[in-house]
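For reference, the structure discussed in these notes is given below.
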Amino acid sequence: MDIPYTVKPRPDTGLYNAKVGIWLFLASEVMLFGALFSAYILLRVGALDGIWPEVKNAWPHGLLNIPIGTFNTAVLITSSVTVVFAWAALKMNNFARFRTCMVITIVCALGFLSIKSFEYNEKFTHYELRLKDGKAFTGHLEVNGKHPGFWDFSSIYNLARLTEEKVEKVKFVADPPQPKPGEKHEGKHEHASMEVATSDIVHLDAFIPRNHTFFAIYFLITALHGLHVLGGAIVLAWFTFPGKKMWLTDPERFTNRIEVGGLFWHFVDLVWIFLFPILYLL
């Protein structure tokens with residue numbers, strides 16, 4: 001017995017079953033990400049003014065790599081174009097071209113995740129330092145000649161860990177000062193290297209969720225989006241290689257499946273297009 005409306009549209013909706021299903025699923029996804037976006041914007045608008053970390057509890061600004069984020073945006077937009085080309089190739093009965101376009105889409109997805117993992121590692125090894133005299137810095141910490149991440153228990157974890165290991169001084173390579181709103185960068189600013197006594201430190205932590213609300217919601221939203229990218233890439237990869245059997249037996253149904261997968265992929269790209277300006281620029 002064949003399931004009805006897997007290829008032909010339903011008379012009540014004008015859509016085949018899979019398309020109805022994906023639109024309902026995407027509606028739930030809109031509510032999920034919409035709630036997270038709303039929470040972030042409300043927290044951002046209600047945050048204290050000031051250039052972090054000069055003002056305690058102010059919202060971090062300028063700590064995300066905008067050029068890398070821009071490049072990743074271009075990567076995802078490219079993948080959206082190639083997934084459309086892949087679907088169009090099936091409409092022209094050209095499976096070889098479909099596979100080529102889909103491989104490009106999958107490579108873009110993996111490239112996006114690789115770049116994002118690089119950004120994550122950059123945050124995991126970047127620290128906020130606050131001293132008893134009120135001074136605050138961001139930069140890299142050096143312990144035993146290396147930059148430890150927050151996970152590196154063998155050398156450092158946080159201030160408590162330093163105290164337990166009886167580390168009297170640490171080397172801190174501070175970032176150049178961020179310009180205030182309306183100010184321009186004047187020339188090149190070099191990273192300042194300093195030795196800091198452990199007893200003078202009141203706060204020391206990497207750019208991770210426990211450090212600030214910004215990082216908590218940044219990692220939550222971007223990690224959730226990354227899981228969607230990974231899941232979509234796995235589905236598209238299945239259709240590209242082992243899924244060819246469906247193309248040989250039922251090409252119209254296979255084409256419909258690619259259209260549904262493409263709709264999900266466009267949604268994933270659209271989420272990032274909203275994420276980029278909100279997280280990186282706001």
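The values are calculated or read from the model by the stated rules, or taken from the named source; none is laboratory data. Note that the structure is a prediction, hence the values are computed from the model and not measured. Here the Cβ is made from the backbone with ideal geometry for all residues, glycine too, and neighbour counts use every protein chain on show.
Quick rundown of the values:
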read-out: Qualifying position, being under 21 Å from residue 108 (Cβ atoms), modelled with pLDDT of 95 or more and not aromatic (Phe, Trp, Tyr), among 243, 226; value: 226
read-out: Conditions (1) β-branched (Val, Ile, Thr); (2) within 25 Å of the chain's Cα centre (by Cα); (3) modelled with pLDDT under 95; number of the one not met by residue 6; value: (2)
read-out: Hey, residue 107 in the same structural domain as residue 227 (by TED's automatic domain parsing), touching a residue at least 12 places away in the same chain (Cβ under 8 Å) and surrounded by fewer than 17 Cβ atoms within 10 Å (Cβ to Cβ) or not; value: no
read-out: Matching entry among 279, 204, 275 (being touching an Asp or Glu at 6+ places or on another chain (Cβ under 8 Å) and in contact (Cβ under 8 Å) with a residue 40 or more places away in the chain); value: 204
